[in-house]
Each structure stands twice: as C-alpha cells, then as structure tokens.
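S.K.: If you scroll down you'll find the structure; I have some questions about it.
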Amino acid sequence: MRLATRHDGSPDGELVIVSADGKRCMPAGPKWPCLRVAMENWAEASSDLQAFDPENGEPIVPAALRAPLPRAWQWLDGSAFRTHADLMQIALGHDPIEAEKPLMYQGMSHQFLGPTEDVALPSVQDGIDFEGEFGVIVDHVPMGTSPAKAMDHIKLIVQINDWSLRAIAPVEMKTGFGWIQAKPACSMAPFAVTPDELGDGWQDGRVCLDLEVDWNGKRFGAANGCEMAFGFHELVAHAAHTRELAAGTIIGSGTVSNANYPEVGSSCISEVRAIEMIRDKGPASTAFMAFGDMIRMEGRGVDGSSPFGAIEQQVVDGSSR
C-alpha cells in the first residue's frame with residue numbers, strides 16, 4: 001500500500017491512497033482524514049485503506065502533495081552508516097565514537113516539507129547541505145520493546161532529506177545540548193509505503209534500494225541503504241529503551257553511505273568534503289549549496305521502480321521572511 005497527503009488547508013492535510021504506478025489516488029474519506037489519525041489507529045485503518053482501489057482514482061497533481069506526515073509527535077534521526085561516520089571522524093579529527101549502541105538525536109518534528117516545496121534558509125554562510133536517507137513510521141511502541149518485536153511496529157517506510165547547516169553544527173555540538181539552529185525542517189518524498197511494497201528491497205530491517213541524488217542536474221551519488229550497521233528494528237528498540245514511542249513517530253537512518261563510495265558517490269556534501277580532505281591532505285574543494293540550487297532524490301529498486309517518488313526542491317533565500 002502507498003499513501004500520500006495532499007493540501008486541503010488543514011495542518012495535517014488530506015490522506016489519499018495511491019495507485020501502483022504513482023499516478024492516481026483516492027481520498028481516504030472522513031473516517032481517516034489524515035495519516036496522523038490513521039497511524040494512531042493503524043490496525044483498523046490499514047484494513048480499511050487496503051480495501052480502496054486507487055487504480056480508478058483521480059490523477060495525482062504533484063504540486064499538491066505534501067510530506068506524507070506533515071507533522072509528527074517525534075522525529076528521531078540515527079547515524080547508522082558506519083562509512084559515513086568513519087569518514088567524518090577522520091576528516092574532522094574527532095575521536096572515534098563508541099559504536100556498540102546506535103547514534104541518535106531528537107530533532108524538529110512539527111514540520112516536514114513536501115517533495116516540491118522551496119526550501120527557504122537564512123544564509124548561504126551557514127553551510128547548506130542535503131542529507132539523503134530513509135526512514136520508518138511506527139505505531140505505538142511500548143517501552144522496552146526488543147528489536148525482534150520492534151519489527152512488527154514498523155508500519156510505513158519513507159524517504160527523507162535531512163537538511164543541515166554545517167557551519168552552525170560544530171558550534172552547537174560543543175555545547176553538549178544537541179542541535180537546534182543547525183537542523184531546519186526535513187523534506188519527505190511524496191509516498192509512504194508499507195514494507196511489503198519494497199519486496200526484496202526490504203531485508204533485515206534495511207531499505208536495500210539505491211538512493212539516487214542529483215545536485216543541479218548532475219548525479220552526485222547512488223549509495224544503497226543496505227549497509228546500515230543497525231537495522232531500523234534496532235533503531236526503534238534503541239529509541240524505546242526508556243520511553244514509549246507515540247504512534248506516528250518517525251525514525252531516520254542517517255545519511256546513506258557505502259564503503260565503495262568512490263564508485264557510488266555520496267548522499268551529502270559534507271561526506272564528499274571529508275573524502276577530499278583525507279585524499280588531498282588539505283582543505284575541501286567542494287562548496288556547500290547556494291540559493292537557486294536544485295536537489296533531487298529518488299530511491300530506486302533493481303527493477304527501476306520508484307516506490308517513494310522523488311524529492312525535487314530548490315533552495316531559496318529566506319532571510320526576508
């Protein structure tokens with residue numbers, strides 16, 4: 001099952017069920033007005049939503065689509081790709097971080113940008129960077145849930161661009177209180193899918209798809225999500241160790257990164273800059289984003305399928321807003 005949310009003037013938008021080819025949709029109706037409500041009653045909602053036949057629905061208008069879950073109770077982002085962590089640690093001269101437990105932070109959750117919305121940011125001096133990743137949306141997860149049981153709580157899978165302001169991040173990290181200014185609203189691809197929609201692309205709690213990233217029309221990377229050091233079920237269990245997770249909590253994988261990065265590229269600028277610093281034993285040469293830049297991200301199956309649709313956005317000057 002594929003789900004999307006379109007503009008209707010409300011904070012959470014209108015939930016629609018999407019056809020297999022991603023071109024048509026059908027409103028879920030008043031019982032399930034938005035994905036937030038459906039997530040809070042998932043057992044009943046999923047049964048009802050599967051009965052719809054979106055193949056005979058109305059054409060999708062891409063510009064009308066919002067993030068599948070425009071606002072959530074909680075957004076927890078991991079850093080589950082060891083290659084990315086190792087590259088950043090070496091390039092920046094940081095001490096290695098204990099890897100027995102997943103790395104995770106709690107970020108801004110009251111707003112997720114839609115797949116074609118302009119991304120307004122205050123200054124290019126802040127080091128504007130994209131971060132391509134995958135994420136999951138869970139139903140209610142009890143405190144102390146094990147990784148094995150956590151797998152059953154993963155109801156939907158999404159594709160995310162976790163925007164970062166790299167010039168601000170180190171300053172906030174030194175305080176020990178986490179990120180606020182360095183992490184603006186994330187963006188989300190148009191479709192949230194149930195795990196079965198991915199077929200062999202969903203294995204051991206990992207999204208085994210290439211994440212194609214194009215920056216200003218040029219291929220930047222196509223790393224695969226299979227190399228997570230911790231699967232999503234383990235990230236969910238980690239997050240729920242001392243707390244319950246509300247239905248609709250979103251958990252991210254962190255920047256998708258592969259050990260064969262010279263061949264497949266990267267999913268964020270900062271990683272490429274780290275590679276340049278290590279290779280050239282000097283400063284990085286790749287600049288961060290400028291106003292007017294375009295970013296496109298799309299998860300691809302081995303059969304060429306695009307289960308999540310594409311994020312395609314422009315970065316614009318938000319200093320006067």
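The values are calculated or read from the model by the stated rules, or taken from the named source; none is laboratory data. Just so it is clear, the model here is predicted, and its values are computed rather than measured. Cβ placement follows ideal geometry from the backbone for every residue including glycine, while neighbour counts extend to all protein chains displayed. What goes into the accessible areas is simple: the full protein's heavy atoms, side chains included, and nothing from ligands, DNA or RNA. Shrake-Rupley method; radii C 1.70, N 1.55, O 1.52, S 1.80 Å.
S.K.: Starting from residues that are in a loop (DSSP other than H, G, I, E, B) and either among the hydroxyl-bearing types (Ser, Thr, Tyr) or open to solvent by less than 60 Å² (accessible area, probe 1.4 Å) (or both), keep the ones in segment 117-155 and report whichever is farthest from Ser253 (Cα to Cα).
M.R.: Out of the qualifying residues, it is Ser123.
S.K.: Next up: Can you tell me which residues in segment 5-16 are within 20 Å of Ile157 (Cβ to Cβ) and surrounded by fewer than 22 Cβ atoms within 10 Å (Cβ to Cβ)?
M.R.: Scanning segment 5-16 gives Arg6, Asp12.
S.K.: I've got another one for you. Please count how many residues of segment 54-70 are exposed (fewer than 11 other Cβ atoms within 10 Å of the Cβ) and not hydrophobic (A, V, I, L, M, F, W, C).
M.R.: Here the count works out to 2.
S.K.: Go through (1) part of a loop (DSSP other than H, G, I, E, B); (2) under 13 Å from the mean Cα position of the chain (by Cα); (3) of a type in the set (S, T, N, Q) one by one and return the number of the condition Ser187 breaks.
M.R.: So Ser187 meets the others, but not (1).
S.K.: Do we have Arg2 as at pLDDT below 95 and basic (Lys, Arg) here?
M.R.: No.
S.K.: When you go through Ser253, Ser257 one by one, which is the residue that is closer than 24 Å to Leu87 by Cα and in contact with a His (Cβ under 8 Å, 6 or more places away or on another chain)?
M.R.: So the residue among Ser253, Ser257 that is closer than 24 Å to Leu87 by Cα and in contact with a His (Cβ under 8 Å, 6 or more places away or on another chain) is Ser257.
S.K.: For the condition in contact with a Pro (Cβ under 8 Å, 6 or more places away or on another chain) and over 27 Å from Glu298 (Cα atoms), what is the one hit in Glu244, Glu234?
M.R.: Checking each option against the conditions leaves just Glu244.
S.K.: I'd like the residue in segment 127-181 that is over 17 Å from the mean Cα position of the chain (by Cα) and among the basic types (Lys, Arg) and, out of all such residues, is modelled with the highest pLDDT.
M.R.: Among those that are over 17 Å from the mean Cα position of the chain (by Cα) and among the basic types (Lys, Arg), it is Lys149.
S.K.: Right, something else. Quick one: in segment 103-113, which of the residues that are more than 19 Å from Phe191 (Cα to Cα) and assigned to a strand (DSSP E or B) is most open to solvent (accessible area, probe 1.4 Å)?
M.R.: Only one residue fits best here, namely Gln106.
Per-residue answers, yes or no, for (1) surrounded by 12 or more Cβ atoms within 10 Å (Cβ to Cβ); (2) assigned to a strand (DSSP E or B); (3) touching a residue at least 24 places away in the same chain (Cβ under 8 Å):
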{"site": "Arg36", "(1), (2), (3)": "yes, no, yes"}
{"site": "Ser47", "(1), (2), (3)": "no, no, no"}
{"site": "Leu76", "(1), (2), (3)": "yes, yes, yes"}
{"site": "His84", "(1), (2), (3)": "yes, no, yes"}
{"site": "Pro115", "(1), (2), (3)": "yes, no, yes"}
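S.K.: Then there is this: What is the number of the single condition among (1) under 25 Å from Val18 (Cα atoms); (2) at pLDDT 95 or above that Leu76 does not meet?
M.R.: Checking Leu76 against (1) under 25 Å from Val18 (Cα atoms); (2) at pLDDT 95 or above, the one that fails is (1).
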